[in-house]
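What follows is a single structure, written as structure tokens, with notes after it.
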Amino acid sequence: MRLLAIETATGLVGAALLVDGSVAERSHLGGRAHAELLAPMIAEVSALAGCPLGDLDVLAVDGGPGLFTGLRVGVATAKALGQSLGLDVVVVTSLDVLAAGARAAAGAHRAARVVAVVDARRGEVFAAAYDFTGVGDDMDPADVVDDRSETLSPEELVAWLDGLASAGPVLVVGDGAVRYLELLAPRPGLDLGLADSVSAPSPAVLARLAARRLAAGGTGLVAADVTPDYRRHADAKINWEERTPRRTARGPETGTP
């Protein structure tokens, strides 16, 4: 299998190309240069893997949740490549990639219960919990997930994690955990030792997880059907709505209430 994975959901931008089990990967963490960096990274992993884009079998992309601009860049690139090359696209969530990365980094015992937290900015996070207790190392995170479909405030995150930790240790990863480390670190039962090293979804982990899903009988989407999971409006729209007074139902504006 020759699979190109595109990762842009958080502050990390990167690409990985998997060819028969071997992965070539390039990534950059920091800044907001996703649009400028992604295409050169794709070209670089293609060269490193010795696999021209025309020889690809399938694409994978992190569909979010994450930051609006990054998601838009990654999904648009995956759609354009998929349509031009006639390839399907496997969409994986950023939270699933983080959970899989935590399992790979920590081992099955330490990562029996994982919470992935993505910084949504504006004082909010996206989060999901994964219970791998008693399952094999190859268990798909999507099969053991409790996904919080709405954004959480830091205080809501702490309350939720306290409830989870009451049943045993929880490994917490992702840039949202890093952002609120001082708030989370004192809480009993929370393991934040890998928050820094597993702070962003890895392109290589994305590639391997997408390949595992395909090997298990999963399928990708037609490129035109791929959409990002924003989970809320873009910051620009939120800022505009906050600064623009709501009109009241007063009829035509005549200067008189």
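The values are calculated or read from the model by the stated rules, or taken from the named source; none is laboratory data. Nothing here was measured: the structure is a model prediction, and the numbers come from that model. Quick reminder, even Gly has a Cβ in these numbers, built from the backbone with ideal geometry, and neighbours come from all protein chains shown.
Odds and ends about this structure:
- Hits in region 45-56 - residues which are crowded, with 17+ Cβ neighbours inside 10 Å and in a loop (DSSP other than H, G, I, E, B): Cys51, Leu56
- When the helices (runs of 4 or more DSSP H) confined to region 100-194 are screened for residues that are of a type outside the set (Ser, Thr, Tyr) and either in the same structural domain as Thr69 (by TED's automatic domain parsing) or touching a strand residue (DSSP E or B) at 6+ places or on another chain (Cβ under 7 Å) (or both), those reaching at least 2 such residues are found at 154-165, 175-179.
- Subset of region 93-135 (residues that are small (Gly, Ala, Ser), surrounded by fewer than 18 Cβ atoms within 10 Å (Cβ to Cβ) and over 16 Å from Arg208 (Cα atoms)): Gly107, Ala108, Gly123, Gly134
- Matching residues, region 57-86, being part of a loop (DSSP other than H, G, I, E, B) and either buried (at least 20 other Cβ atoms within 10 Å of the Cβ) or of a type in the set (Val, Ile, Thr) (or both): Gly63, Gly64, Pro65, Gly66, Leu67
- Search result, residues across region 79-117 that are farther than 30 Å from Asp57 by Cα and among the aliphatic types (A, V, I, L, M): Ala106, Ala108, Ala111, Ala112, Val114, Val115, Val117
- Test result for Ala207, outside any helix (DSSP H, G or I) and either touching a residue at least 60 places away in the same chain (Cβ under 8 Å) or under 19 Å from the mean Cα position of the chain (by Cα) (or both): no
- Where a residue in region 22-35 is in the same structural domain as Leu12 (by TED's automatic domain parsing) and buried (at least 20 other Cβ atoms within 10 Å of the Cβ) and its partner, wherever it lies, is at pLDDT 95 or above and assigned to a loop (DSSP other than H, G, I, E, B), with Cβ under 6 Å and at least six apart: His34/Thr8
- Comparison of Ala106, Ala111 shows that the only residue that is in contact (Cβ under 8 Å) with a residue 60 or more places away in the chain, in contact with a Phe, Trp or Tyr (Cβ under 7 Å, 6 or more places away or on another chain) and more than 21 Å from Thr10 (Cα to Cα) is Ala111.
- Contacts under 7 angstrom Cβ, first residue in region 161-188 being in contact (Cβ under 8 Å) with a residue 24 or more places away in the chain and on the phi > 0 side of the Ramachandran plot, partner part of a loop (DSSP other than H, G, I, E, B) and polar (S, T, N, Q), 6 or more apart: Gly174/Ser199
- Single residue of region 87-99 satisfying the filter (under 18 Å from Ala116 (Cβ atoms) and in a strand (DSSP E or B)) that is nearest to the chain's Cα centre (by Cα): Val92
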